[in-house]
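Reading through the structure tokens given below for one structure.
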Amino acid sequence: MSTTKRSQIAALALGLALVAGACSSDKKAAPSTTPSTTPSTAAAPTTTPAPAGGEVIYAQEEGGVAFNNATSTNNSFANTEVLNLLQPGPFYIDDKLDFVMWKDLMDSVEVTSTSPQTIVYKINPKAVWSDGVAIDCKDFYLAYMAQNGKVSVANPDFTGPGATDADGNALPETLPVFDAAGTTGYDQMKSVTCSDDNKTVTAVYDTPFADWKGTFGGLVPAHVIEAKTGVADITKVDAVTDSPEIEKIGEFWNTGFDGWDPAIALSGAWYKIDSYTVDKSIVLVKNDKFWGTAANLDTVTLQVITDASAQAAALENGEIQAMQPQADPGVAATLAAASGVTFSPASGLVYEHYDMNAKNPIFADKAVRTAFAACVDRQDIIDKLVAPINPDAKPLNSVIFMPQQTGYEDRFSKYGTFDVAASKKILKGAGWVLGGDGFYAKDGQQLTFKISHKGIQRRSDTAQNTIASCKEAGFNIVEDSDTKFNSQRLPIGDYDVALFAWVGNPLLSAATSVYSVDGGANFQGYVNQEATDMYKVANGELDEAKRLDEMKKVDAAILDDVWTIPLFQLPEMPAWSAKLTGPSFNGPAGLTWNANVWTVS
Amino acid sequence: MTSLDPILKVSNLSVEFPTDDGIVKAVRGVSFEVRPRDVLGIVGESGCGKSVTAMAVMGLLPRTARVTGSIRFRDDELVGLKPKEMRAYRGQKIAMVFQDPMTALNPVYKVGWQLAEAVRAHEDLTRKQARARSIELLHTVGIPQAESRVDSYPHEFSGGMRQRAMIAMAIANNPDVLIADEPTTALDVTVQAQILEMLINLKDHLNAAIILITHDLGVVAGITDRMQVMYAGKVVETGTADDIFYSPRMPYSIGLLGSLPSHAGSQERLKPISGAPPSLINLPAGCPFSPRCPLADDVCESVEPPQVVVSDGHVSACHHVEALNAMADPLKLFEEVAT
Amino acid sequence: MISFIIRRVLVSIPLLFLASIVAFILVVNTGDPIEDLRTKPNVPKATIALREHELGLDKPVVERYVSWLGKAVHGDFGKTIKNQPVWAQVRRSLGVTLRLVLFAEIVSVLIGVMIGVVSAVKQYSWFDYGATTGAFLLYSLPVLAVGSFLKFILAIRLNRWIGRGDDPLIKTIGEGTANFCTASKPYNCGFIPSVTDFLSHAFLPMLTLVLITFAGYARFSRAAMLETLNADYVRTARAKGLSERRVIMKHAFRTALMTVATVISLDFGALIGGAILTETIFEWHGMGRVLVESINKIDPNLLLCWFFVTAVAVIAFNLIADIIYAVLDPRIRLD
Ligand SMILES: Nc1ncnc2c1ncn2[C@@H]1O[C@H](COP(=O)(O)OP(=O)(O)OP(=O)(O)O)[C@@H](O)[C@H]1O
Ligand SMILES: [Mg+2]
């Protein structure tokens, strides 16, 4: 099913939804050092003058539908691709997955205290929405209000204790007011307060949260909500308690930003909405109210072109200038051969991996897990499935860091290098005996299990490859393909080995729920209390260098347990017209992340 | 009966159809002529070439057909005419009534429209005049309430009425020759008689010659002046109706008569000719009827019989005319052999 | 006639109703619309519960169907899983499909029927062999291949060849240039520029559609004509001494038209569902795309609305086909 990759990218939204809008920036020009929490005084617009003007059409696989990208309904990569150019936020993610303060918007962002963790945001007094109203603390307060996850109302369907839905699952007593795609970070905040004529925001945390830079991305204009709901001053509304005001705010926040009404979907960056045709295109023109360094291109149009090969033909035909379609070997070949096209395949954020399930006693034996890792031929799988699109693809060797990220090191090759002899040796050493049928057994238990996945071709190919390579090592593995696997069986841990994808995340804390004891996304039942504790500490460590060290240790601890086998990153295939300069691949934000510095000749 | 010159004279007409399996020799050397008010009967089993002969005269054979010989209408040779030239004869000089009135009329047009079309094909009439003529024609062929029936669709007509309408269409332009190809086969017996009677009346009315094609000798009995018996594309016996009925000199004709109820006598069973006509693609060398003929001998199987004059105007293509002449009752031929 | 139409419409209602039940069951079983949300690690459980509540996923299927039906009969087809009004999207897509299909269909029918009639009249001629083989080839060619080939030759190559590589004359995607008529370029929104832009986009998809559909009509009308050309009444017409032209047009073609027109009208009904492949290849966001998208996204309301519109179209054009047949064939009485 072709939606997988995108939806999973959108899944990154968990942490990323928050980040999504924050990606905007003049990054090319920005002095790109590692993001520091030290106050960066005075934004220095050092952009080199480039040929101005021109029009660019960027192809999107699906159209962005909403200006508020933080709702679970509408959060999508497609929105991010639009919002990069018009939604303000204190930080953006650059192409190294670093969080960089956006100097056009922020005068400074400072950690003023670590206990309790206190962050002070100072907003550029010149920063205004495209209707001329200041971008200020109200917008930050709204983000906090909507995403702290604490405001809920009674569930109308809840009839009493023990009420269940159609599938027999317990019905919740309350439902949230805000349809927030995630609450990470905000749920740890104690307060968000405004001062200095609303140009200063002070966020105080209950518990330390090292990934605080991921918060307050994708701001939506609070004054629009005020006008629409009749709430005079949003900052006067208690952000954590149910009230008629907050319910009105919630209703508008959930759906009021759907569609790209230029009067509501205001711009706080380079471009603003000129026109929107549902399911077709969003035309962006320069925001005349933008106070910072102006962009080069006169218009950036995002056009919905679902079919990857249609995108490729349109690019070669000069109808569009940039694209990043669904990976497809045929289209990759077309793009590589097309004239006048720059094709730049890359490794994306989405990565495939095997998870072994602790519920199956066979995996309690670490020898089995390591022997399994040794018989998975990761390189061969990549050669067959990924290299045709991205010849530079390599096995992934971390579960917390992405290869382009600071802190990424190879921590898994020692387990995950294909070696049948080594695999057999490990099993033999652990008392497994090779039977006449070619499979190992121990205490009458054959070395057999299933690899389950949701039944897409790539996963089937991967599983079959492993079944064959591990058969040489004496494993009797069976493929289990089930379209309902991801939605129904994976979340309740109904499998031996699961083959599915996670989305790599610039936020190092993002995988906490995956690998912590009793974590919400720890479907495999992985238990390593020590690693969990270390992860917790790292997530609260506000010293960047120390935190990096701690995170590396967490990564190593998880990988050394060999409960999970990272395989490979799915390829991405950005391509653009040779007449266009400036694009560079950015996994979480999409190609448009720096479209403000693109130029056409 | 009449001393006029022949109006249609067919001489040595042959028609061949090249097909994937070989050349179908559907008509082989057929000759006949008709004069005004003549009624010529052409009889023979299914597949013997009666319709092909008629279609050849109408020039309606498919393009693939190879027609040789001569068809003269008065002084005009019709064989070899271009379709366009042929149009002037069709309907106007030579008209035809087809076998199945159920399908011969176009179901989507009103009967009157189809009649008017026939009229206007050869006469420069206004719509109105053509309509009046259509009504008149329907009257002529005995359709009651012609004024309203003219606006009926064919499916609103009974079989007999449709055939009447077909005849009306055929006589719309007072043709000189009217070919009726099994005009009554699809109709029930009482209607058959009416239609035939009407045809004969029309003949005098129009001063036209009629060629009546049938596989049923009973139909032509008493109507026709002359008859031709066809077998496997060939005329095997020609003569007056009396000649054929009372002194047939070709075993095939005798066989046909034997299958006639009136002729076979009430107490006797019908004696159809056993066997089937030969394939027209690979005709045997001798008499095509020899495989089914009680009189067949070696000569019959190797030499195609010539046309033998039996008496004035009575010709038979049989090696055994003499033997038949000598027979007390040739009509018992098949029974004798059978016992 | 009127009573016939009313009767047919009345008969269609339970049919539509039954079909909607089947469709609904199929749709709700295609998968979980919020599967992605469930498998994202950091989505709050409460948010998932909220979405389930909003989409009615926590209700029994029967209850969901009844509530859908209750609204649908009042013309309210609900919202997509992205919270967009379904009817607006389907209506828009219907417009797109009609624009694409109408013209292409008319051209296909004209060309197809013409070729079919001529090859039937000239059966076994060179024209007939050529047209029959050509039609067969085109008929069996995959749309994808035709589309890609046309894009390459008639768009990419041709545009560069005439020196319009940067500003392509022939477009390969969409019904219009995305940044052509916008709020900031009102001068492009006039009739002439709009039509010009439309034509530059419509040329290839329409050509593709014509190429792949006319062949079917050619084959069909050839067969229909061959049948009527051999009919007794055509022989009768010739026997009357009518001109060949009149025989063919007034007799053979007129009756062949009954079946040809019926098939065309039925086809047209089916086309309302979208020329799925052509729409996909050329990015026309019509009904075909609604179908594909609603299945991919497991969007029940959208799929049901597509289904409903398509079913109504099919039923309506079936009715129209019957009416056309009745009008063309006096033997059929409609009451
Ligand atoms: N177009 C054609 N191509 C090939 N063979 C043909 C064609 N038309 C007629 N024939 C053959 O010519 C032979 C004579 O056919 P014709 O229709 O003249 O028979 P008929 O005497 O009229 O028989 P019936 O009593 O059944 O009408 C038949 O064997 C028939 O198959
Ligand atoms: Mg016949």
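In table form, for the structure just shown:
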item: Listing of strands (runs of 3 or more DSSP E) fully contained in segment A:266-356 that carry 3 or more residues being aliphatic (A, V, I, L, M); result: A:281-286, A:299-304, A:346-356
item: Search result, residues across segment B:26-54 that are away from ligand 2 (no atom under 16 Å from the Cβ), touching a residue at least 60 places away in the same chain (Cβ under 8 Å) and assigned to a strand (DSSP E or B); result: B:ARG28, B:GLY29, B:SER31, B:PHE32, B:VAL34, B:VAL39
item: Boolean, B:SER134 is part of a strand (DSSP E or B) and more than 15 Å from ligand 1 (Cβ to nearest atom); result: no
item: Verdict on C:LEU209 being within 14 Å of chain B (Cβ to nearest Cβ), buried (at least 18 other Cβ atoms within 10 Å of the Cβ) and not in a loop (DSSP other than H, G, I, E, B); result: no
item: Residue satisfying condition, being modelled with pLDDT of 90 or more and crowded, with 20+ Cβ neighbours inside 10 Å, within set C:VAL107, C:VAL27, C:VAL117, C:VAL43; result: C:VAL117
item: Conditions (1) within 14 Å of another protein chain (Cβ to nearest Cβ); (2) among the β-branched types (Val, Ile, Thr); (3) free of Cβ contacts under 8 Å to residues at least 12 places away in the same chain: number failed by C:VAL121; result: (3)
item: Enumeration of residues in segment C:143-165 that are charged (D, E, K, R) and touching a helix residue (DSSP H, G or I) at 6+ places or on another chain (Cβ under 9 Å); result: C:LYS151, C:ARG164
item: Unique residue being away from ligand 1 (no atom under 16 Å from the Cβ), facing another protein chain (nearest Cβ under 9 Å) and in contact (Cβ under 8 Å) with a residue 12 or more places away in the chain when the list is B:MET96, B:MET86, B:MET102; result: B:MET86
item: Checking B:THR53 against (1) polar (S, T, N, Q); (2) surrounded by fewer than 21 Cβ atoms within 10 Å (Cβ to Cβ); (3) within 16 Å of ligand 1 (Cβ to nearest atom), the condition it does not meet; result: (2)
item: Residue within segment C:179-189 that is without any contact (Cβ under 8 Å) to a residue 12 or more places away in the chain, assigned to a helix (DSSP H, G or I) and touching a Pro at 6+ places or on another chain (Cβ under 9 Å) present; result: yes
item: Some residue of segment A:133-145 being in contact with a strand residue (DSSP E or B) (Cβ under 8 Å, 6 or more places away or on another chain), closer than 30 Å to A:ASP288 by Cβ and in a strand (DSSP E or B); result: yes
item: Residues of segment B:271-291 satisfying the condition of being over 15 Å from B:MET230 (Cα atoms) and in contact with a Pro (Cβ under 9 Å, 6 or more places away or on another chain); result: B:GLY275, B:PRO284, B:GLY286, B:PRO291
item: Which listed residue is at positive phi and buried (at least 17 other Cβ atoms within 10 Å of the Cβ), from A:VAL554, A:VAL562, A:VAL514; result: A:VAL562
item: Residue count for segment B:162-184, restricted to those that are in a loop (DSSP other than H, G, I, E, B), within 16 Å of ligand 1 (Cβ to nearest atom) and within 15 Å of B:LEU40 (Cα to Cα); result: 2
item: Single match in A:VAL283, A:VAL300, A:VAL278, A:VAL237 (criterion: out of contact with any Cys (no Cβ under 9 Å at 6 or more places or on another chain), β-branched (Val, Ile, Thr) and more than 12 Å from chain C (Cβ to nearest Cβ)); result: A:VAL237
item: Qualifying position, being away from chain C (no Cβ under 14 Å) and within 14 Å of ligand 1 (Cβ to nearest atom), among B:GLU77, B:GLU33, B:GLU45; result: B:GLU45
item: Any hit, segment A:79-91, residues being assigned to a strand (DSSP E or B) and crowded, with 24+ Cβ neighbours inside 10 Å; result: yes
item: Close pairs (6 angstrom Cβ cut-off, 6 or more residues apart or separate chains): on the phi < 0 side of the Ramachandran plot in segment A:362-381, among the charged types (D, E, K, R) and not in a helix (DSSP H, G or I) anywhere; result: A:ALA374/A:ASP419
item: Subset of segment A:111-132 [surrounded by fewer than 21 Cβ atoms within 10 Å (Cβ to Cβ) and part of a strand (DSSP E or B)]; result: A:VAL111, A:THR112, A:SER113, A:THR114, A:THR118, A:VAL120, A:LYS122, A:VAL128
item: Hits in segment B:185-206 - residues which are within 16 Å of ligand 1 (Cβ to nearest atom), polar (S, T, N, Q) and more than 14 Å from B:ILE223 (Cα to Cα); result: B:THR185
item: Where a residue in segment A:202-231 is free of Cβ contacts under 8 Å to residues at least 60 places away in the same chain and hydrophobic (A, V, I, L, M, F, W, C) and its partner, wherever it lies, is surrounded by 24 or more Cβ atoms within 10 Å (Cβ to Cβ) and in a helix (DSSP H, G or I), with Cβ under 7 Å and at least six apart; result: A:VAL231/A:ILE249
item: Members of segment B:207-216 that are within 16 Å of ligand 1 (Cβ to nearest atom) and either over 11 Å from the mean Cα position of the chain (by Cα) or among the acidic types (Asp, Glu) (or both); result: B:ASP216
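The values are calculated or read from the model by the stated rules, or taken from the named source; none is laboratory data. Since we're looking at a predicted model, the values are computed, not measured. Counting neighbours? That spans all protein chains shown, and the Cβs are built from the backbone with ideal geometry, glycine included.
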